[in-house]
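Taken together, the values in this text are just the output of simple stated rules run on the coordinates, not laboratory data. Only a predicted model underlies this, so the values are computations on that prediction, with no experimental measurement involved. All Cβ positions, glycine included, derive from the backbone under ideal geometry; neighbour counts span all protein chains shown.
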């Protein structure tokens with residue numbers, strides 16, 4: 001299963017955004033769901049196992065976390 005989240009914390013305050021991220025991470029860990037998250041939030045991006053940076057419609061960077 002795959003869950004696509006487009007700017008899931010975009011218009012939320014920090015507390016509410018944190019709660020949304022906790023829910024998404026719980027879905028990932030407890031149900032084995034793949035999450036694809038589109039975000040401009042660099043801090044949120046750092047939590048990902050893999051990050052793709054897209055510039056002008058092209059992949060500019062492809063990074064994996066060192067877990």
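Within the range 1-15, which residues are surrounded by 11 or more Cβ atoms within 10 Å (Cβ to Cβ) and on the phi < 0 side of the Ramachandran plot?
Filtering the range 1-15 down to residues surrounded by 11 or more Cβ atoms within 10 Å (Cβ to Cβ) leaves 3, 5, 7-10, 12.
Across the range 1-15, the qualifying residues are 3, 5, 8, 9, 10, 12.
Each row is one residue, and each column tells you yes or no for (1) within 20 Å of residue 2 (Cα to Cα); (2) surrounded by 10 or more Cβ atoms within 10 Å (Cβ to Cβ); (3) touching a strand residue (DSSP E or B) at 6+ places or on another chain (Cβ under 6 Å).
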{"residue": "20", "(1), (2), (3)": "yes, yes, no"}
{"residue": "27", "(1), (2), (3)": "yes, yes, no"}
{"residue": "30", "(1), (2), (3)": "yes, no, no"}
{"residue": "44", "(1), (2), (3)": "yes, yes, no"}
{"residue": "53", "(1), (2), (3)": "yes, yes, yes"}
{"residue": "58", "(1), (2), (3)": "no, no, no"}
{"residue": "64", "(1), (2), (3)": "yes, no, yes"}
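Of the residues that sit in the range 32-42 and are touching a residue at least 12 places away in the same chain (Cβ under 8 Å) and exposed (fewer than 10 other Cβ atoms within 10 Å of the Cβ), which one is farthest from residue 12 (Cα to Cα)?
Per the stated criteria, the residue is 32.
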